Amino acid sequence: MSRKFVVALTGGIGSGKSAVAELFARHGVAVVDCDEIAHQLTQAGGAAIGPIREAFGPGVIGTDGSLDRVRMRALAFGDDAQRRKLEAILHPLIRKEGTRRVGRAGSAYAVLVVPLLVEAGIDRSRYARVIVVDCTEAQQIERVMLRSGLPEHEVRAIIGTQARREERLARADDVIDNSGAIGALESQVNRLHEKYLSLAGKPRPA
């Protein structure tokens, strides 16, 4: 990706990746979120809209010209071949833009939030460390239902397309436990921030 010290941050849906990323950002760390990039690519005029329309037809494009995420989710998460086709369009574009943003980062190290890191295969030449944000599946389901309003069966279907919890943990260099209160995250992030500053060869702030 670049010579910058890059930490990949991943975890299942509803695990708390965004909360952890925000805590790193409060330390002045550059955070690049692949989900945010994906949303920008699929907005009206985004670089992915043309290829998606060509691959799936105009029915998955909303009247405003952006991706109709409800229709796309129903299509992609119900059919592995369709999901792979969508990923084949989005992943190279996300990777290119993520690389560009990390390259511009001015902090001692950068955090790249990659929700499907384990599923896509971890290229260790791109990441110095891999953090997995972990919680129970029951907590994932509860959190996603609360924030999105999706029914439980749809949340379970999404979880079913992702790597198993054990698979993610087996690939982690560092694990953040988000099975407790949100306040418990801060001390874990503080500890890892100091660790990454040291590994990146930068002195700790006074």
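The values are calculated or read from the model by the stated rules, or taken from the named source; none is laboratory data. None of the values given here were measured: they were computed from a predicted structure. Neighbour counts run over all protein chains shown; Cβ positions are idealised from the backbone, glycine included. For accessibility, only protein heavy atoms count, side chains too; no ligands or nucleic acids. Shrake-Rupley method; radii C 1.70, N 1.55, O 1.52, S 1.80 Å.
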- Have a look at Ala128, Ala76, Ala138, Ala81 and point out the one that is over 26 Å from Ile182 (Cβ atoms), of a type in the set (A, V, I, L, M) and surrounded by fewer than 16 Cβ atoms within 10 Å (Cβ to Cβ). Ala81
- Task: Could you tell me whether Lys85 is basic (Lys, Arg) and either touching a strand residue (DSSP E or B) at 6+ places or on another chain (Cβ under 7 Å) or in contact (Cβ under 8 Å) with a residue 60 or more places away in the chain (or both)?
- Result: no
- Note on the structure: Among helices (runs of 4 or more DSSP H) completely within region 76-173, the ones holding 1 or more residues that are touching a Pro at 6+ places or on another chain (Cβ under 9 Å) are 80-104, 137-148
- Query: Taking the condition outside any loop (DSSP other than H, G, I, E, B) and either within 15 Å of the chain's Cα centre (by Cα) or crowded, with 19+ Cβ neighbours inside 10 Å (or both), does Ile13 pass?
  - Reply: no
- Task: State all residues of region 156-191 that are aliphatic (A, V, I, L, M) and touching a helix residue (DSSP H, G or I) at 6+ places or on another chain (Cβ under 8 Å); if no residue qualifies, say none.
- Result: Ile158, Ile159, Ala163, Val175, Ile176, Ile182, Leu185, Val189
- Query: Which condition number does Arg147 fail, the rest of (1) touching a Lys or Arg at 6+ places or on another chain (Cβ under 6 Å); (2) loosely packed, with under 12 Cβ neighbours inside 10 Å being met?
  - Reply: (1)
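For (1) modelled with pLDDT of 95 or more; (2) under 20 Å from His91 (Cβ atoms), each residue gets a yes or a no:
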| residue | (1), (2) |
| --- | --- |
| Glu22 | yes, no |
| Ala25 | yes, no |
| Ala38 | yes, yes |
| Gly46 | yes, yes |
| Gly50 | yes, yes |
| Glu54 | yes, yes |
| Gly59 | no, no |
- Looking at this structure, is Ala38 assigned to a loop (DSSP other than H, G, I, E, B) and among the small types (Gly, Ala, Ser)? no
- Message: What's the total number of residues in region 104-154 that are under 19 Å from Ile94 (Cβ atoms), touching a helix residue (DSSP H, G or I) at 6+ places or on another chain (Cβ under 8 Å) and polar (S, T, N, Q)?
- Response: 0
- Inspect all residues belonging to region 105-118 and state whether any of them is open to solvent by 40 Å² or more (accessible area, probe 1.4 Å) and at pLDDT 90 or above. yes
- Message: Please determine whether any residue of region 60-67 is open to solvent by less than 40 Å² (accessible area, probe 1.4 Å), outside any loop (DSSP other than H, G, I, E, B), touching a Leu at 6+ places or on another chain (Cβ under 9 Å) and within 26 Å of Val133 (Cα to Cα).
- Response: no
- Message: Can you say whether Gly50 is outside any helix (DSSP H, G or I), farther than 24 Å from Tyr109 by Cβ and not polar (S, T, N, Q), as far as the supplied structure shows?
- Response: no
